[in-house]
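As structure tokens, the structure follows; a few thoughts come after it.
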Amino acid sequence: MSIPATNSAIDVAYWFINRADKDGVAVEDEKLQHLLFLSQLHYASAYNMEFLMPSFFVCDENGFSEPNLAVIFAQGRPFMPPKKLPEKASLFLEEIWEKYKKSPVKELAKIVKSNPEYGTCLKAGHGNLADMGRLVDGFNVMTGAVGRNNAYSDNQKKILFSQNGPVIVSKWKPRKVSDTTHKGEK
């Protein structure tokens, strides 16, 4: 097991809320959920399946959401004093913010729902707990990364999706033909 980079999804959510306020940008709850989800995927992809926050995501028709935050924010955003996150996490979140801050909710939802695992999770039913490893693999395929953290690049293998789900593929290598000839051949 590994230790997440932050103590909670609430800390990360309030980092985004405070950062948005600083830029004068409004962050709706749905956009906040998308930012949290994409942050978790980017972090896991960049840091060998390490978690940014100790959170799991559930699937619904809007994409993926952190259920504890959804419950908390359903009653309105409670006041929370800003917490200082570890520098590595803050720098990482700054990159995520710069990448997605101008993206409208619909665009972020499209990105989130384009993960190949989304359809599988949605078919499994509302509130299905998403498998982070499969989500990251799907994310890596979407973004052009090879396998989980390029784990397959040494073997020239990558993950693609067939009608039956993810498959590991590699470069075709023909078998070697023996130098000996068959009896009777010249």
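The values are calculated or read from the model by the stated rules, or taken from the named source; none is laboratory data. Since we're looking at a predicted model, the values are computed, not measured. So basically every Cβ, Gly included, is an ideal-geometry build from the backbone, and we count neighbours across all protein chains shown.
Side notes on the structure shown:
- Subset of region 21-67 (residues that are more than 22 Å from residue 125 (Cβ to Cβ) and of a type in the set (A, V, I, L, M)): 25, 26, 27, 32, 35, 38, 44, 46, 49, 52, 53
- Considering only residues in region 18-37 that are over 16 Å from residue 53 (Cα atoms) and of a type in the set (A, V, I, L, M, F, W, C), the one that is surrounded by the fewest Cβ atoms within 10 Å (Cβ to Cβ) turns out to be 26.
- Screening the candidates 123, 113 for the property of being surrounded by fewer than 17 Cβ atoms within 10 Å (Cβ to Cβ), touching a strand residue (DSSP E or B) at 6+ places or on another chain (Cβ under 9 Å), modelled with pLDDT of 85 or more and not aliphatic (A, V, I, L, M) yields one hit, 113.
- Considering region 1-17, and only residues there that are under 15 Å from residue 43 (Cα atoms) and of a type in the set (Val, Ile, Thr), the residue that is surrounded by the most Cβ atoms within 10 Å (Cβ to Cβ) turns out to be 12.
- In region 40-70, the residues that are among the aliphatic types (A, V, I, L, M) and not in a loop (DSSP other than H, G, I, E, B): 41, 44, 46, 58, 69, 70
- Count - residues of region 126-162 that are basic (Lys, Arg) and either at pLDDT 75 or above or in contact with a Phe, Trp or Tyr (Cβ under 6 Å, 6 or more places away or on another chain) (or both): 2
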